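The values are calculated or read from the model by the stated rules, or taken from the named source; none is laboratory data. Note that this is a predicted model, so its numbers are computed, not measured. Because the Cβ atoms are built from the backbone with ideal geometry, glycine has one as well, and the counts that use them run over all protein chains shown. The area values use the complete protein model at the heavy-atom level, side chains included, leaving out ligands, DNA and RNA. Shrake-Rupley method; radii C 1.70, N 1.55, O 1.52, S 1.80 Å.
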Amino acid sequence: MTQHTRAKSEVFVPSGQIQFGVFFQGVNSGTIWKAPESGSQTDFESFRRIALTAERGLFAAFFLGEGLRLREHLGRPHALDVVGRPDAQTMLAALASVTKNIGLVATQNTTYNDPADLAHRLASLDLLSGGRAAWNIVTTDNAWTGANFRRGGYLDHADRYKHAEAFVETAKRIWDAWETPDGPARRVLHEGRHYTVDVTPRLPRSAQYRPVLFQAGDSPEGRNFAARQADVIFSAHPKFDDAVAFRKDLVERSLAAGRGANAVQIMPASEFILAPTAAEAAEKKEWVRSLQIGPQQAIAYLEQFWGRELSAYDPDGPLPEIDPVVEETSETRGSGFHGAKARQLADQWRAEAKDKGLSIRQFVTSKTARIDSTFTGSYTAVADQLAEYARVGAVDGFNISPWLVPSGLDDIVNHLVPELQERGVYPTEYRGTTLREHLGLETPVRSADGAVAAVRA
C-alpha cells in the first residue's frame, strides 16, 4: 500500500459520490414490528440478513444504535417499543465472521465506559475484522440512565462534551501508542477529573491504523466536537437546502479546528420508500405510515405527554379535552418526549388538530413521520435527486433506517443502487478492505517524534 501526505485543503471539494450506511435501530417509532414480514430485533438472523444485503449493495457501514435503559410508559416498560438489542460489540464481532467488507459501527457511551477498556475492545473488533471497526461516540448525563451503573448520574450536562473529549483523546493516544505496527507500544498516562489511566496497549494496530470515529451531536457544542474529533458526523439534515447549509457550517468549524475542509464526512439519517412509479411509492408510503403508527401507538404517544391513561379515547376522534397531569415530561419517556412543556403543548396541539381537522391518529402520524428525512418516489426520480446531492457535495452519503426488518434494504440494493451506479455517483466495487478505504478517509500516522500526520491510502 502506497501512502503519501496530503496537505490540508482550505476549500471544500465535492467527491461527486454518494455512499450508504444502514442504521439498525433499537427503540423507535419508525420500524414496523407487527407486519407479517417483520422479523425479530434480537435474533441473529435479522442482523445477518441486513448486513449481507447491505454488503451486496456495497454499503460502507453497518451501524448499531445503543440503548442503556428501556424506555418507560406511565411507570412501566413501554410495551409498544422495540425492547432492546444484543450488545453492539458482541453482535458486530459475530457479523465480522459472516461479512468481508462492510464497516462495523458500534455506538458506545463515553459516560458509562472507561477509556482504556473501551479502546481495547474497539481495537479488538478492529483487528479481528481486518480494519472495519468504527465507534459512534455518544454522551449521556441523566441520572435515570445512570441508575444502571455504579456512577449514577454524576455527570453535569454542561460537562458532557468536556468529559467526552478527554475520553476520546485518551483512546486515540492508546491507539497511537505503537511506534510501528507490531510494537513496541508506549505507556499512556492520563490524570483527569473523572478518571486516571496508566496503560500500555496490548494489541497491535489494525489494517486501518485505528477505528473510524462517528459522532451525532447537533448542538453547537456537538458540531465543534465533531469538527475536532470525528471522521464522520451522523447528521439530522438530509433535506437538500438544509444539508448544503450544514456542510458549509461544518467546513467552517473544521477549518477553525485546524483540520481540512474535507476532514469530516457527513451522513444524515434517512428513510427511503421506493417503488417503480411515483404513484406506487405514494401508496406504499401510506401503508408504511399506517403500520408505523397504529391506533395503540397513537394513543400511547399522547399518553407520554399527558402522563395519564387515554385508552378511553377514540384514535379516530379528536385530541383529549382533558389536560396533562404533568407540567414537563421527564427522560423516562424517551429522548423524543423529554423536556416538553406538557400543558402548553396540549393547548397548542388541540388548536392545531382542530384547525387542520386531524384525528388523534392522523395528528400523531404527522408528528412522528420522518417527514424531513424521507425520500419517497420512483427509483429513477430518487436517483436523480441523490445525484444532485453528489454533484454539489451536500452530503457524503446517507445512513439508512429501514422501516422493515430484515427486508427493508431490498428495494434500495436491487433497484436504487444500480440507478445510482449508472449515473456514476455510487461505487461499483469496494475501494479496499478497510472502512477507511471505503470512505476515502485520511489515515492518521504517528511519526517517530510523536507528531500525527494525515495520509491517504
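Observations, loosely collected:
- For the range 123-150, the tally of residues that are outside any helix (DSSP H, G or I), among the hydrophobic types (A, V, I, L, M, F, W, C) and at pLDDT below 80 stands at 2.
- Long-range neighbours under 7 Å by Cβ, at least six apart or interchain, first residue farther than 11 Å from residue 72 by Cβ within the range 329-340, second of a type in the set (Ser, Thr, Tyr) and assigned to a loop (DSSP other than H, G, I, E, B): 338/329; 338/330; 339/329; 340/329
- Residue check for residue 296: in contact (Cβ under 8 Å) with a residue 60 or more places away in the chain, of a type in the set (S, T, N, Q) and closer than 30 Å to residue 380 by Cβ: no
- Only one of the numbered conditions (1) aromatic (Phe, Trp, Tyr); (2) touching a Ser or Thr at 6+ places or on another chain (Cβ under 7 Å); (3) in a helix (DSSP H, G or I) is not met by residue 375, and that is (3).
- Residue satisfying condition, being under 30 Å from residue 391 (Cβ atoms) and among the aromatic types (Phe, Trp, Tyr), within set 305, 246: 246
- None of 90, 110 is open to solvent by 20 Å² or more (accessible area, probe 1.4 Å) and at pLDDT 80 or above except 90.
- Qualifying positions in the range 432-457 - open to solvent by 20 Å² or more (accessible area, probe 1.4 Å), among the charged types (D, E, K, R) and either at pLDDT below 95 or touching a Ser or Thr at 6+ places or on another chain (Cβ under 8 Å) (or both): 442, 446, 449, 456
- Note on the range 302-334: residues that are open to solvent by 40 Å² or more (accessible area, probe 1.4 Å) and not small (Gly, Ala, Ser) total 13.
- Contacts under 7 angstrom Cβ, first residue in the range 382-396 being part of a helix (DSSP H, G or I), partner among the basic types (Lys, Arg), 6 or more apart: 383/423; 387/423
- Test for residue 160: is it at pLDDT below 95 and either more than 21 Å from the chain's Cα centre (by Cα) or among the small types (Gly, Ala, Ser) (or both): no
- Pair list, Cβ under 7 Å, 6 or more apart: the range 191-208 residue open to solvent by less than 40 Å² (accessible area, probe 1.4 Å), other residue basic (Lys, Arg) and assigned to a loop (DSSP other than H, G, I, E, B): none
- When the residues of the range 36-51 are filtered to those that are open to solvent by 40 Å² or more (accessible area, probe 1.4 Å) and either of a type outside the set (D, E, K, R) or not in a loop (DSSP other than H, G, I, E, B) (or both), the one that is farthest from residue 149 (Cα to Cα) is 36.
- Residue 157 passes every criterion in (1) farther than 24 Å from residue 63 by Cα; (2) out of contact with any Asp or Glu (no Cβ under 8 Å at 6 or more places or on another chain) apart from (2).
- Only one entry in 263, 282 is open to solvent by 30 Å² or more (accessible area, probe 1.4 Å) and either in contact with a Phe, Trp or Tyr (Cβ under 9 Å, 6 or more places away or on another chain) or not charged (D, E, K, R) (or both), namely 282.
- Entry remark, the range 52-78: residues being surrounded by fewer than 17 Cβ atoms within 10 Å (Cβ to Cβ) and under 15 Å from residue 413 (Cβ atoms) number 1 in total.
- Qualifying residue in the range 313-329 (condition: part of a helix (DSSP H, G or I) and within 19 Å of residue 71 (Cα to Cα)): no
- Residue 289 vs. criteria open to solvent by 10 Å² or more (accessible area, probe 1.4 Å) and over 30 Å from residue 79 (Cβ atoms): no
- Flag for residue 58 being at pLDDT 95 or above, hydrophobic (A, V, I, L, M, F, W, C) and in contact with a Ser or Thr (Cβ under 8 Å, 6 or more places away or on another chain): yes
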